[in-house]
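See structure below.
Where a number appears in this text, it was derived from the coordinates with a stated rule and is not lab data. The shown structure was predicted, so the numbers you read here are calculated from the model rather than taken from an experiment. Note that we place each Cβ from the backbone using ideal geometry, even for glycine, and neighbour counts take in every protein chain shown.
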Amino acid sequence: MGLFWRRKKDDFVSLRLNEPSAATPEPAAAPPPPAVEPPAEIVSETVKEQPVAPARSPFQTSVLGLNLSMEQLQAQEAALEQELSARFRRAVSATRDTLSEKLDTVFAGRKQIDDELLDQLEEVLIAADIGVPTTLEILESVRRGIARKQINDLEALKAAIKSELLSILQASERQGVASELSVPEGVSPYVMMIVGVNGVGKTTTIGKLAQRIKAEGNDVLICAADTFRAAASDQLAIWAERTGVPLIQQKQGTDPAAVLFDSLKAAKARGSEVLIVDTAGRLHTKSNLMAELEKMKRVASREVQGAPHETLLVVDAVTGQNGLEQARQFLKVAGVTGIVLTKLDGTAKGGIAVAIAKELNLPIRYAGIGEKVDDLVVFDPQQYVNSLFGN
Ligand SMILES: Nc1nc2c(ncn2[C@@H]2O[C@H](COP(=O)(O)OP(=O)(O)OP(=O)(O)O)[C@@H](O)[C@H]2O)c(=O)[nH]1
Ligand SMILES: [Mg+2]
């Protein structure tokens, strides 16, 4: 499982001990822009007084491990990686049962590859939500392998399917933003916009992202630009408090582009390295929602060069092929650079990851594997495919 979010050149988490002034927020020197409502500052004040870390988070140790040697820190990080890998494997276990175990059933008692077996294989792949076009392409390639005598037995057939899935996922990494390292290090704040239809897990993902990006030694700010729904800002404020990350918010109904504008100004004044922007999942009409996103992108690029640097489309794995259709609508206007696939823990149809990579041609950056703050992992194609096939 790869590193989470690190644009710094340091080998390890930067503790910024040499930069006390930059690391400390400066309310006097950098007053918030006048348009920012007091609640935003109240959230950050609370944070300043009590930099409380969630008790169950294992990431805090790597940031606060001042008393540990480099070897100990590296051992901790390795243990953490292992824990996340195990959790990821558990999250895709239902899909593994659908795919890998059904494949075994299809193969059981057979000595050779025939048309009937290939038909059953097709059904299994479609049942795991890999999607019809992607499944047909995989089978096409398998048939070619059989004709060329490269696939002669069932083991080789299974290996061929695995390698097809992996190459689809890896090909999608050549598009969009596969890593924050592709943006020059000097860019600050790095602006991430989070978009998607209602209920897919945008706000939850922002909470998890904020926690992890902060734990990696970055100064993070959250912008509550979902001003459409009354409770949206409150929900985000809970995450901000839980993760100790300041939040810029305004009252319901405010133009989201204005909240974003204030947040960009505040991020610059505070020297925040990353700004994460929550957006509305629904509006009165779909065209309103899309126009609003376009306006926000214009505002961001005027204020910070190249912003938003990433636009992450959140897709709920449980909604499967439906989610894919929603995603296409967003792709048209939102300039999406990558996908967050949430609720992978709640579905046996995790094959949707392959359908998304293939049909949207965008990298899957992160996967949501639960509702808690630590339940987000960097999506690693190799690990995903290994987990599906039980190794
Ligand atoms: N099991 C599981 N639940 C998740 C995951 N991510 C989010 N959820 C849950 O999904 C529900 C919706 O999440 P939100 O973060 O509010 O979704 P949203 O996209 O911000 O919704 P709107 O603001 O209404 O558009 C919540 O109950 C979350 O706890 C995940 O990875 N796994
Ligand atoms: Mg939300």
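Observations on the structure shown:
- Within the shell of other residues whose beta carbon sits under 11 angstrom from the beta carbon of Asp380, the net charge comes to -1, with Lys and Arg scored +1 and Asp and Glu -1.
- Whole-Å semi-axes of the ellipsoid equivalent to the range 302-391 (Cα gyration tensor, √5λ, descending): 23, 15, 12
- The Cβ shell under 14 Å around Val333 holds other residues with a net charge of +4, Lys and Arg each +1, Asp and Glu each -1.
- Computed across the range 58-207, the Kirkwood hydrodynamic radius from all distinct Cα-Cα pairs reaches 19.6 Å.
- Efficiency of FRET from Cβ geometry, Gln321 and Lys111, R₀ 35 Å, rounded to 0.05: 0.50
- If you look at the Cα atoms of the range 131-186, you get an Rg and a Dmax of 15.9, 53 Å.
- If R0 is taken as 45 Å, the Cβ-Cβ distance between Arg90 and Val132 corresponds to a FRET efficiency of 0.95.
- Compared with the alpha-carbon gap, the fully stretched path from Val187 to Arg298 is longer by 38.2 nm at 0.36 nm per residue.
- Full extension of the chain between Gln252 and Gln82 yields a length gain of 57.0 nm, computed as 0.36 nm times the residue separation minus the alpha carbon distance.
- Peptides ranked, highest mean first, by Cβ atoms within 10 Å: ranges 216-226, 141-151: 216-226, 141-151
- Convex hull projection area averaged over all views, the range 216-270, Cα basis, nm²: 3.8
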